[in-house]
């Protein structure tokens, strides 16, 4: 039977230094999902990219990232999580440098796809390293509080960084900025992280790899085409239907092969299933909010790029305060849904607050309130969800469990953004049509689209909150400090799982 090979856990101070390196990698991954957004107009002009092709600068990253995550998780389990982490960092740095130096659309597109591919190695290995590094419940809660805060605020930081770099330097620095970050994380990771892997001959579920990769590519591609072609077009319906068929076939295969890439037991667990769902639904709302608020502030309120980025700072602070304070303290003491469900209700309230917006609404009365509600909600959800998404998992499956929650995050953000953007565009077009296409009401029409899509997002989050409340019925965790201390003294991270267990 395969076992997990690992070195002894690092000492206390070394573990927290290692968390800094792991957190840098996660910040870079999330940040790169949005840092290019604000730079799109500038790079489009510089490289002569058409309006029809510009979406691929974003989609190339999310497509490669979302579709290859499960494979990346299995590679980390078998070839070594530290090794995969370092390869992912160096590859990401190289791809970022290539993108920054791009002299045409094709070169930039290839660089963004490479970034996504290396992120698919980096994301699961980073989270699985966090899982096996922090085993004592109290430290685990703090570590996942920091991780959840990074994940939740990374998109907003990306918008701020993108605005600042584009205004004061050049759009190319939105890509170059990842190079020093990746190199610092790689050097620190080489020194501070311990290797862990699943022993035995690497057995990759080739049919599963092909089916899940093809299915996720089809889903992300189909939703990315919805804005331009409409949900009823062949370029959308075909890929979505094909993706559904491929994923159904993947589920069938995984239940029958001896070494499945994604063991069904991982997602069948009610607690982990609830964690995956809460992450996915949260990302739908958060990325929708980033999109709508960015356009509202820049087009309707006529903010500059940097001022738009600064406008997201209160949301970032709210996430940090809630994730680093409230969630971290309560995570080891209360059932997970006690934090996740109220957090989802806050996010739904933040999306509904968009209904109060008018073209003349002051920032403090509109975007600020909505951003704070979203930030407080995300700060309550993300640390808990990421903790329980990898909680109780056999160490041999740490990489694939980490990949699964990353997949939920990435695919949901891609599909959710496309869905909400299409709803907004349709509502805007209907508003203009009802007023004879009068260009004088263009801003009001755009705002009508954002409000309508925000209402749909709130409904999705509320439905998710109801499901999580019923599904995620895990009781209050018991703190087994003694077990954690025994494991640490024994110098083994593979024999015991000293994380919260359920009575």
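Listing 369, 334 from fewest to most neighbouring C-beta atoms within 10 Å gives 334, 369.
Counting every other Cβ atom within 10 Å of each residue's Cβ, 21, 174 order from fewest to most as 21, 174. Each principal axis of the Cα atoms in the range 84-159 has its own extent, and those three values, largest first, are 50, 27, 13 angstrom. Rounded to the nearest 10 degrees, what's the angle between the helix 55-79 long axis and the longest principal axis of the chain, both from Cα atoms, 0 to 90? Roughly 0 degrees, rounded to the nearest 10.
Taking other Cβ atoms within 10 Å as a rough exposure proxy, 261, 107, 286 sort from fewest to most as 107, 261, 286. The equivalent ellipsoid that matches the C-alpha gyration tensor of the range 205-260 spans semi-axes of 27, 9, 6 angstrom, in descending order.
Separation of the range 29-105 from the range 450-474 is 30 Å, based on Cα centroids.
Mean separation of Cα pairs under 8 Å and 6 or more residues apart, divided by the residue count, gives the range 205-260 a relative contact order of 46 percent. For the chain, the Cα gyration tensor yields ellipsoid semi-axes of 36, 25, 23 Å (square root of five times each eigenvalue, largest first, whole Å). Rounded to the nearest 500, the 222 nm mean residue ellipticity of the chain from helices alone is -24500 deg cm²/dmol, with -39,500 (n - 2.57) taken per DSSP H run of at least 4 residues. Take every pair of alpha-carbon atoms less than 8 Å apart whose residues are at least six positions apart; their mean separation over the length of the chain yields a relative contact order of 24 percent.
Rule-based calculations on the coordinates, nothing more; no lab input. What you see is a predicted model; the values in this text were computed from it and never measured. Neighbour counts are summed over all protein chains in view; Cβ atoms, including those assigned to glycine, are modelled from backbone coordinates with ideal geometry.
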